[in-house]
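Read the structure below first, then the notes.
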Amino acid sequence: MGLFDKLKAEFIDIIEWLDDSNDTMLYRFPRYHNEIKYNAKLVVRESQAAVFVNEGEIADVYQPGTYTLETKNMPILTTLKGWKYGFNSPFKAEVYYASMRQFTDRKWGTKNPIMLRDPEFGPIRLRAFGTYVLKVKSPVDLIKQIAGTDSHFTTDEITDQLRNIIITRFTDLLAESKIPAIDMAAQYDEMSETIHDKIQDEFDEYGLELTKFLIENISFPPQVEEAIDKRSSMGVIGNLNNYMQYQAANSLEAAAKNPAGGAGEGIGMGMGFAMANQMSQNMFQQPRAGAAPAAPPPVPGAVQYHAVVNGQQSGPFNQVSLQQMAQQKTLTPDTLVWAQGMANWVKAGAVPALAGLFQQGPPPPPPPM
């Protein structure tokens, strides 16, 4: 400090701080050798507090107002200095101004994704971010615990530590809540209040107050978000056939409004045919690819038989099929057969309706009369 600054400081008898920043929490008023004149004026504005420090020890704290610095206005400092009968000479003390206003729009967010076990998606990674608001609750604790002798203490110097506290407590709450990730948006208010109450005590240790805590978003990884979007799109479309008909109708209407002459008319006719074709297909749908065609029902009154062929049950067979099997020797008189109404499997030769299938020639003539 030059000679002019030294002389100017000695004649200054007003102590005040005009804060033109938006992040200063604590500011030490500059004085030459920390000398303060007797009867000097101390100005503490709204949203400020002034703290006197004598030889490293906290002395008097001043709330908003204008003070004349004398023995009766500095009871603690007077006791520390031993001024029993008053004084009228300059004294040394450090004056710290604390900004008591609220520091808004402080950001917090997860540096790395939080690993969780979700009841619907299984193991999943989530990111979260939001804002919070804080203010100085106790200037004395802020000086003792954090700022120390820092002449210009800002919010940036403590932001990282506060964010670490928030993320740790938030992660623990998220894991314990067991709330499905897809339903967390409905719980932002409740989770914000719980986090606020959970970490306020830790802010108190630094002389700070957490006045507001907000969760703005809890997000999925991009791949999961894409899968959810596709799933939502399918739900919105609903019936695919109806959706295609709707699209075709819109295209037809747009083509009809197109003033492009014959080209527009041709497009409109083409879309009309396409829509008609689509509707006819919906009305007369063919069986799906790979699906077995439906078999016609049996002729009313015809008995069908199941047969044991090569040790496996086969059928049912009608009379024509059984006759062909008999000619091919696949069906013999000893083949076990069964039909609706029969109690057990019996040999085909014992079934009167099937016995005729095994005759090799005409029956013998009746005896002469």
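Values in this text are rule-based calculations from the coordinates and carry no lab data. Worth saying up front: this structure is predicted, and the values here are computed from it rather than measured. A quick note on method: Cβ atoms are made from the backbone with ideal geometry, for glycine too, and the neighbour counts reach across all protein chains shown.
With an a/c value of 1.5 or above and a/b not larger than b/c for the gyration tensor axes a ≥ b ≥ c computed over the alpha-carbon atoms, segment 3-99 is described as oblate. If R0 is 35 Å, the Cβ-Cβ spacing of residue 124 and residue 47 corresponds to a FRET efficiency of close to 0.20.
Packing-wise, with mean Cβ within 10 Å as the measure, how do 16-25, 91-100 rank, highest first?
Details: 16-25: 14.2, 91-100: 21.2.
Descending mean neighbour count gives 91-100, 16-25.
Neighbour counts of other Cβ atoms within 10 Å put 179, 228 in the fewest-to-most order 228, 179.
In a simple Cβ point-charge model (Lys, Arg +1; Asp, Glu -1; nothing else charged), segment 3-99 has a dipole of about 400 debye relative to its Cα centre.
Grab the Cα-Cα distance for residue 209 and residue 344, subtract it from 0.36 nm times how many residues apart they are, and report the gain in nm with one decimal. Each step should come with its number before you reach the end.
Numbers: separation 135, 0.36 × 135 = 48.60 nm, distance 8.97 nm.
Gain in length upon complete extension: 39.6 nm.
Charging the Cβ of each Asp and Glu at -1 and of each Lys and Arg at +1, and nothing else, the dipole of segment 135-189 about its Cα centre rounds to 140 debye. Shown for 14, 218: other C-beta atoms within 10 Å of each C-beta, ranked fewest to most, produce the order 14, 218. With a simple spin-label model that places each label point 7 Å from the Cα along the Cα-to-Cβ direction, the separation between residue 165 and residue 38 comes to 4.4 nm.
How many nm separate the modelled label positions at residue 188 and residue 320, each set 7 Å beyond the Cα in the direction of the Cβ? With each label point 7 Å from Cα toward Cβ, the separation is 7.4 nm.
Taking neighbour Cβ counts within 10 Å as the exposure measure, how do 156, 60, 141, 13 sort from fewest upward?
On the way: 156 9, 60 21, 141 17, 13 14.
Ordered by Cβ neighbours within 10 Å, fewest first: 156, 13, 141, 60.
Label separation (residue 224 vs residue 355): 7.8 nm, computed from points 7 Å beyond Cα along the C-beta direction.
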